[in-house]
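One structure is given here, and the rest of the page talks about it.
Each value in this text was obtained by applying a stated rule to the coordinates, not by laboratory testing. Computed from a predicted structure; not experimentally measured. Here the Cβ positions follow ideal geometry from the backbone for every residue, glycine too, while neighbour counts run over all protein chains shown.
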Amino acid sequence: MTTGSKRALAPLALLTAASLLAGCGGDGGSEANDVTVWMYPVIADPKANSAYWDQVEKDFETAHPGTTVTIEEQPWENRDEKLATAFGSGKGPDVVLLNPDQVPQYLGNGALRPVDKAVEGIKESFLPNALDALTHDGKLYAVPIYHTVTTTLYNKRLLDRAGIDKPPATWDEVKAAAPKLKRVGAATLDYSASNEATLNLNFYPLLWQAGGTVFSEDGKKAAFNGPEGVAALTFLTDLYKAGAVPRSALTNTNIFADHPLGKQQVAMGFSSTLADADLARKTWGAGNVVVGKPLRNAEQVSFGVPGGLGVNAKARNVAGAEKFLAFMAGPARIQSLGKASGFLSPRTDVTVPSDDPHAKRFQEALPFAYPGEPSPVARQLMALIAPEIQAALTGRKSPREALDAAAAQADDLLARQR
Amino acid sequence: MTAGTAGERTAPTPEPVAVPGPPLPAGRPARPVRRREARVGLLFVAPMLLLFVVFRFGPTIGAAFLSLTDYRLSGDWRFIGAENYARLLQDDLFWSSLGVTALYTLFFVPLTVGLSLGTALLLHRTVWLRGFFRGVFFLPYVTSIVLAAVIWKWIYDVEDGLLNAVLGVLSLGPVDFLGDERLVLPAIAATSAWKGFGYSMLILLAGLQSIPREVTEAAVIDGATGWRRLRWVTLPLLRPVLFFVLVIEAIGAFQVFDAMYVMTAGGPVRASYPLVYFLYDTGFKFFDFGYASALGLVLFLVVLVFSLIQRRLIGRDE
């Protein structure tokens, strides 16, 4: 029996040893002057995305002889899961593309290092909102290389049919337009209330427009159930009850095609992207698409985030990583990436040239773009709030009851974090 | 269970008896042979056994351990004993998702078993184009549930879904199948039943075909009508197969997730938020792996208890 188990163990030990050796080999392979980068499909067309980043590799190496860069293309799916596992096992990339809401989470795990050095001298030329979103305790943790923005998108055909000359730009104008649109069989405001739809494109912009915030100032308590939040949810539920928000809102997930906005059943969206506007131009006809400024109530604001490059705290080649960040933040790269991706420039002194007829309006919306309040529990919180918003929409709870219930759960969640 | 093991034990006993001579030396040469056979047998099942241990048994033990820890994605963990289980008992979401799972099972199992039994009985009788219909009914089973769910989501759509168009012609509706808390579970159960009944149908059909002809013929001679034949002859003989189908469909219902994920994302107001969805969110959205493992283990226990009860019922019959 003992010899048997020894015999069985021998190949196992060999296998383990072999895999350990292989692991060592893998680590030894990447030299200290190499920089690995995790990039995502920022350019929606996969071929164009690969071609773009291949070119960046070449251009960077020409500009910085002696430093090689390897850009690994990752999918958006399970992004945090993969990144956190990689950071956790010490095998993360040197440089990674980050959104503002990811930064506090990884910062808490000690996985990121400050990157102020990479933007020395050009820091003032970035949009203040973009820098703020990626800064914690006075230190910058990712260098913005592009900025997304959403704004209002109107269907002129439906507005014309209802006899509305001026596209509704404020909450009051939306409310006034609703009965007129209903008379011609159309809904007024698109909304997605599915639990899988991000609140960043749905409830939060309304909350911010009402002047509210998701968290209290110190981030330790929920604040979305204040009077502003109740006003935002009341605005929404009143419209829903009146049929001015599509009935299918409960299962919608901010998709344009095959959803009410794309199918011309609703007259306006308040979180539309440039890609949505382009799709609308193709399907509704160019003359029927109107892009406006972000929706306004107490505040005028819409969701938009910078995409930034952060550096792994355990990066082997910090100097090389910083060189790459500075390279990507330069005007040439910001323009070429913006042109290829349809995203905007995060710098005030650089604009992305575009022949897209709607690009200018999205550029004008940029100063109103708000990336949301950073929190390590941002996504968990959405999962708690979304069902309560559904409860308000279906009339099971009043807006105040629904938000109070969500806030109680949110406070529990926040208390568990500390 | 006990009857089975007793049977296995009694079977090899004639062997030593058949060998002439004193029992002790005769027993000896037989043993290495049997042991060698056992070793060869073990060799044959070894690959499967290894896969099972590595990919099923191992992770289960791992999850049981994880459920006693607070495990972070970064890799740090600490042992917290039964804290996850204590938290679970006080978690409203756990109880509501457990309730949704139970309610869904109550809708889904009778629907699927009824549908598969009905079609199996029809196919058992109809000889004409039987193969064709069998194939057609089985087809949904081999399609992807995500695909089926996307199509059914459109069928149920409140604004321009197929079903509401039909109801509209009858000047009824529109009915918000997926947006109404009372309708959402039956609607999803119907989709899953449509997708899955083909498998149980085949098993029941095989069961029907294994019922000896003489029995039904005897019933006919005794003057039993169609319904009485079904009620008093066919169904009692089909009972073991029927129980088997009930067990696997019930276990399937406890593990429901994908249809809800695609069709409603758990809504409205968590009316279609079952245990596995809660587990998925806890593990893969919130990265709370210890708590998610505790949930997984509870689901495992529920399924285990259910299987044991069912097994008892079948065992008594045979």
Checklist entry - Once amide H atoms are placed 1.01 Å from N in the peptide plane, what residues at a sequence separation of 5 or more from A:TYR40, or on another chain, have their amide H within under 5 Å of its amide H? => result A:GLN74
Next on the checklist: What is the distance in Å between the Cα centroid of region A:162-194 and that of region A:62-97?
Outcome noted: 45
Next on the checklist: Can you work out the Karplus-derived ³J(HN,Hα) for every residue in region B:239-252? Use 6.51 cos²θ - 1.76 cosθ + 1.60 with θ = phi - 60°, whole Hz, and x for glycine or proline.
Outcome noted: 3, x, 5, 4, 5, 4, 4, 4, 4, 5, 5, 5, 4, x
Checklist outcome for this item: 1/(1 + (r/R0)^6) with r = Cβ-Cβ of A:ALA257 and B:ILE211, R0 = 56 Å, i.e. FRET efficiency to nearest 0.05, evaluates to 0.60
Checklist entry - If the cut-off is 19 Å between C-alpha atoms, which lysines fall inside it for A:LYS182, apart from same-chain ones fewer than 8 positions away? => result A:LYS156, A:LYS166, A:LYS241, A:LYS263
Checklist entry - Considering the Cα trace of region B:148-210, what is its radius of gyration and what is Dmax, both in angstroms? => result 15.3, 48
Checklist entry - According to the Kirkwood expression over distinct Cα-Cα pairs, how big is the hydrodynamic radius of chain A, in Å? => result 23.3
Checklist entry - In terms of Cα to Cα distance under 26 Å, which lysines are near enough to A:LYS221, apart from those fewer than 8 places away along the same chain? => result A:LYS139, A:LYS397, B:LYS285
Checklist entry - Along the principal axes of its C-alpha atoms, what lengths does region A:208-353 span, in descending order and rounded to whole Å? => result 59, 47, 28
Checklist entry - Arranged by the count of other C-beta atoms within 10 angstrom, fewest first, what order do B:ILE251, A:ILE71 take? => result B:ILE251, A:ILE71
Checklist entry - If you place +1 on the Cβ of every Lys and Arg and -1 on the Cβ of every Asp and Glu, how big does the dipole about the Cα centre of the protein assembly as shown come out, in debye to the nearest 20? => result 2500
Item to check | Inter-label distance, nm, simple model (7 Å from Cα along the C-beta direction), B:GLU181/B:LEU106 | outcome: 1.6
Checklist outcome for this item: In nanometres, the difference between 0.36 nm per residue of separation and the alpha-carbon distance of A:LYS82 and A:GLU120 is 10.6 nm
Checklist entry - What FRET efficiency would be calculated for the residue pair B:ILE61, B:ARG87, taking the C-beta separation as r and a Förster radius of 22 Å, to the nearest 0.05? => result 0.50
Next on the checklist: Quick check: net charge around B:SER144, other residues with Cβ under 12 Å of its Cβ, Lys/Arg +1 and Asp/Glu -1?
Outcome noted: 0
Item to check | Backbone HN-Hα couplings from phi across region A:144-157 [Karplus 6.51/-1.76/1.60, Hz, Gly and Pro as x] | outcome: x, 10, 7, 9, 9, 8, 10, 7, 7, 10, 10, 9, 5, 4
Checklist outcome for this item: By the DSSP-based rule, helices of chain A that are at least 30 Å long along the axis (C-alpha) and have a mean Kyte score of at least 0.0 are A:2-29
Next on the checklist: Explain nothing, just the number: dipole magnitude of region B:91-317 about its Cα centre with +1 on each Lys and Arg Cβ and -1 on each Asp and Glu Cβ, in debye rounded to the nearest 20.
Outcome noted: 1020
Next on the checklist: Could you work out how much longer the chain between A:SER216 and A:ALA32 gets when fully extended? Use 0.36 nm per residue separation minus the Cα distance between them, nm to one decimal.
Outcome noted: 61.9 nm
Checklist entry - How long are the semi-axes of the ellipsoid equivalent to the protein assembly as shown, from square roots of 5 times the Cα gyration tensor eigenvalues, in whole Å, largest first? => result 54, 39, 23
Checklist entry - Out of every Cα-Cα pair in region B:45-197, what percent are more than 21 Å apart? => result 68
Checklist outcome for this item: Karplus ³J(HN,Hα) for region B:272-277 (6.51 cos²θ - 1.76 cosθ + 1.60, θ = phi - 60°; Hz, whole; x = Gly/Pro) runs 10, 10, x, 4, 5, 5
Next on the checklist: Give me the one-decimal nm value for the distance between modelled label points at A:ASP349 and B:ASP160, 7 Å along each residue's Cα-to-Cβ direction.
Outcome noted: 5.0
Item to check | Hits among aspartates and glutamates - C-alpha to C-alpha of A:LYS323 under 13 Å, sequence gap 8 or more where chains match | outcome: A:ASP34, A:GLU57, A:ASP59, A:GLU61, A:ASP94, A:ASP116, A:GLU120
Checklist entry - Local charge sum around A:ARG296 (other residues, Cβ-Cβ under 10 Å, Lys/Arg +1, Asp/Glu -1)? => result -2
Checklist entry - When a footprinting reagent is the concern and you count Cβ atoms within 10 Å, what order do B:VAL220, B:VAL247, B:VAL305 take, fewest first? => result B:VAL305, B:VAL220, B:VAL247
Item to check | Whole-Å semi-axes of region A:321-392's equivalent ellipsoid (Cα gyration tensor) | outcome: 32, 19, 10
Checklist outcome for this item: For the A:ASP172, B:GLN255 Cβ pair and Förster radius 45 Å, calculated FRET efficiency rounded to 0.05 is 0.35
Item to check | Part-to-part distance (alpha-carbon centres) for region A:247-314 and region B:243-318, which is given in Å | outcome: 37
Checklist entry - What is the spin-label model distance, in nm, from B:LEU313 to B:ALA218 if the labels are put 7 Å beyond Cα along the C-beta direction? => result 2.7
Checklist outcome for this item: Projecting the Cα atoms of A:GLN265, A:PRO144, A:GLY285 onto the charge dipole of chain A, where Lys and Arg contribute +1 and Asp and Glu -1 at Cβ, the residue farthest towards the positive end is A:GLN265
Next on the checklist: Kirkwood Rh and Cα-based Rg: tell me the resulting Rg over Rh for region A:212-274, rounded to two decimals.
Outcome noted: 1.08
Checklist outcome for this item: Interchain or sequence-distant (5+) residues whose placed amide H lies within less than 5 Å of the amide H of A:VAL35 are A:THR68, A:VAL69, A:THR70
Checklist entry - How long is region A:259-318 along each principal axis, judged by its Cα atoms, biggest number first, in Å? => result 53, 33, 19
Item to check | Rg followed by Dmax, in Å, when region A:90-177 is reduced to its Cα trace | outcome: 20.5, 61
Item to check | 222 nm mean residue ellipticity, helices alone, for chain A (DSSP H n ≥ 4; -39,500 (n - 2.57); rounded to 500) | outcome: -14000 deg cm²/dmol
Checklist outcome for this item: Using alpha-carbon coordinates alone, the radius of gyration and Dmax of region B:207-318 in Å work out to 21.0, 66
Checklist entry - Running Debye on region B:91-317 with equal point scatterers at the Cα sites and no solvent, what base-10 log of I(q)/I(0) appears at q = 0.09, 0.16 Å⁻¹? => result -0.46, -1.15
